[in-house]
Amino acid sequence: MSLFSRGERDPYQSVRFTLFGINIGALLAVWATLLIVVYSLMYHELYEVLDNQLQLTATRIIRNYDRHHAGVPLGPVILADQQESFSLWFIAHEHSDWTAAYMDGNPFVNVRLMYRRALGNPTGSYETISTNGAPYRAFYALVDTPRGTYLIRVIQPEGPTNATLSRLLRTLTVAGFAALFLTIAIGLWLSERSLSPMIASWRRQQQFVADASHELRTPLTIIKTNLDVLLRHPEHTIETELNFLANAYSEVNRTSSLIEDLLTLARADSKEALIEEHPVDVGALATEVADTVLPMAEQQEKTISVSVPASSCQTLGDVNRLRQLLLILIDNALRYSNAGGSIHLTVKCDTLYTTIAVSDTGIGIAPKLLPRIFDRFVRGDETRMRHEQGSGLGLSIAKWIVEAHRGTITAQSTVGKGTTFTITLPH
């Protein structure tokens, strides 16, 4: 399934094809190597069994003739018009020459050729010969015994061995085609899976740039508009144009805060180490933050209360980032609470976790918006005035701070009754 909708250009198409080719090539190489190794091992194993049988047969024949001067009932193998599967000769050496006396088996053989084949290897020589178009495995050996030297050739049809190898080859061919189709499917899946994080990151980056551009466009437009008014009246004093200057200054502050938030999230996305861990007394930190924002709350006719354990509640974290986290949540609660509302901080801890809850009696969050509140540039109430809302990045930064501390953050809200954010941090 493609990650891009119809009409949307896939910027990773060439990378996708390259990864697909690499995956296919690697998997096919593995499959081909495996099939070749299996066939080679079976080939050598079957011929080793066949050669051992020939050598054992030759040993029994010579041992029997050497002891009893009698033949061994081997169960004759039909070789065209010949009915014996071995040929046994006695070798006599005279000075630099030798003679061969027929003993048993097939007499219609080239003894000199047998002798040369056997002489080439003291332990015996193997080869494949053809008789009337049929393949046979032949074993040649010169065997010294107390009675003298024997020359023997034992042959056995390769038909059963070749039939087994043919069946194996057919099986491996079928398995190879199955592996080819499986490899293509796996290659497509792997290339798609490998690209998924990059594509998701690319889309997040696109959305982030688009949202940042949109957010920056408005304050810059306001600043430019107010400065244009000032430039049209250079004879006016600062006092007469104070309203326009105040508007520009306010938007500069908002833009500065927005850019700082954007830089924080950009560094977080780049996995830059922004957390320095030290023991932090979370209860004391919550009390300190509440005291800091208390004047602002009183000015807005709202109340802030704190509930912390009597004993120290320690956790390992970055005190500045945790302070930023609490300020974001309290600021969010103040923005979306009406006059007369209240904000309450609760800190609890046990042997494993520290839990922080920030509750308010504000306007709440719509159920359809609740799952997206930690997304970037998402605001709780778009109907509110611009100056009453933040950049839409605060909760995204809050979530990043919590996750950087290996914790979790959740939100529960009821429209018209309030919202509670719950943070759980491991010790």
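The values are calculated or read from the model by the stated rules, or taken from the named source; none is laboratory data. What you are looking at is a predicted structure, and each value in this text was computed from that prediction instead of being measured. No Cβ is skipped: glycine too gets one built from the backbone with ideal geometry, and neighbour counts run over all protein chains shown. Please note that ligands, DNA and RNA were not included when accessible areas were found on the heavy atoms of the full protein model with its side chains. Shrake-Rupley method; radii C 1.70, N 1.55, O 1.52, S 1.80 Å.
The C-beta contact set for region 25-41 (first residue within 17 Å of Ala185 (Cβ to Cβ), second residue modelled with pLDDT under 90 and open to solvent by less than 90 Å² (accessible area, probe 1.4 Å), distance under 7 angstrom, 6+ apart or interchain) comprises Leu27/Thr183; Leu27/Ile186; Leu27/Gly187; Leu28/Thr183; Trp31/Gly176; Trp31/Ala179; Trp31/Thr183.
Among the criteria (1) open to solvent by less than 50 Å² (accessible area, probe 1.4 Å); (2) at pLDDT 90 or above; (3) over 40 Å from the mean Cα position of the chain (by Cα), the one Thr422 does not fulfil is (3). The requirement of being assigned to a helix (DSSP H, G or I), open to solvent by 50 Å² or more (accessible area, probe 1.4 Å) and modelled with pLDDT under 85 is satisfied by Thr18.
Residues in region 84-108 that are open to solvent by 30 Å² or more (accessible area, probe 1.4 Å), touching a residue at least 24 places away in the same chain (Cβ under 8 Å) and more than 14 Å from Thr149 (Cβ to Cβ): Asp104, Phe108. If you check Leu151, Leu216 for being over 29 Å from Gly25 (Cα atoms) and modelled with pLDDT of 90 or more, only one passes: Leu151. Candidates are the residues of region 128-147 that are within 23 Å of Phe90 (Cα to Cα), modelled with pLDDT under 85 and not basic (Lys, Arg); the one that is most open to solvent (accessible area, probe 1.4 Å) is Pro146. Tallying residues that are out of contact with any His (no Cβ under 8 Å at 6 or more places or on another chain) and not hydrophobic (A, V, I, L, M, F, W, C) within region 352-372 yields 8.
Taking (1) small (Gly, Ala, Ser); (2) open to solvent by 30 Å² or more (accessible area, probe 1.4 Å); (3) within 26 Å of Ala357 (Cα to Cα) in turn, Ala268 satisfies each apart from (2). Looking across region 227-256, the residues that are surrounded by 14 or more Cβ atoms within 10 Å (Cβ to Cβ) and assigned to a helix (DSSP H, G or I) come down to Leu227, Val229, Leu230, Phe244, Leu245, Asn247, Ala248, Ser250, Glu251, Val252, Arg254, Thr255. Could you tell me which residue of region 103-127 is farthest from Ser85 (Cα to Cα), considering only residues that are part of a strand (DSSP E or B) and modelled with pLDDT under 90? Once the filter is applied, the top-ranked residue is Met103.
Suppose the filter is open to solvent by 70 Å² or more (accessible area, probe 1.4 Å), among the acidic types (Asp, Glu) and at negative phi; does Asp350 pass it? Yes; evaluated as a whole, the condition is true for this residue.
Glu277 meets each of the listed conditions (1) open to solvent by 90 Å² or more (accessible area, probe 1.4 Å); (2) within 34 Å of the chain's Cα centre (by Cα) apart from (1).
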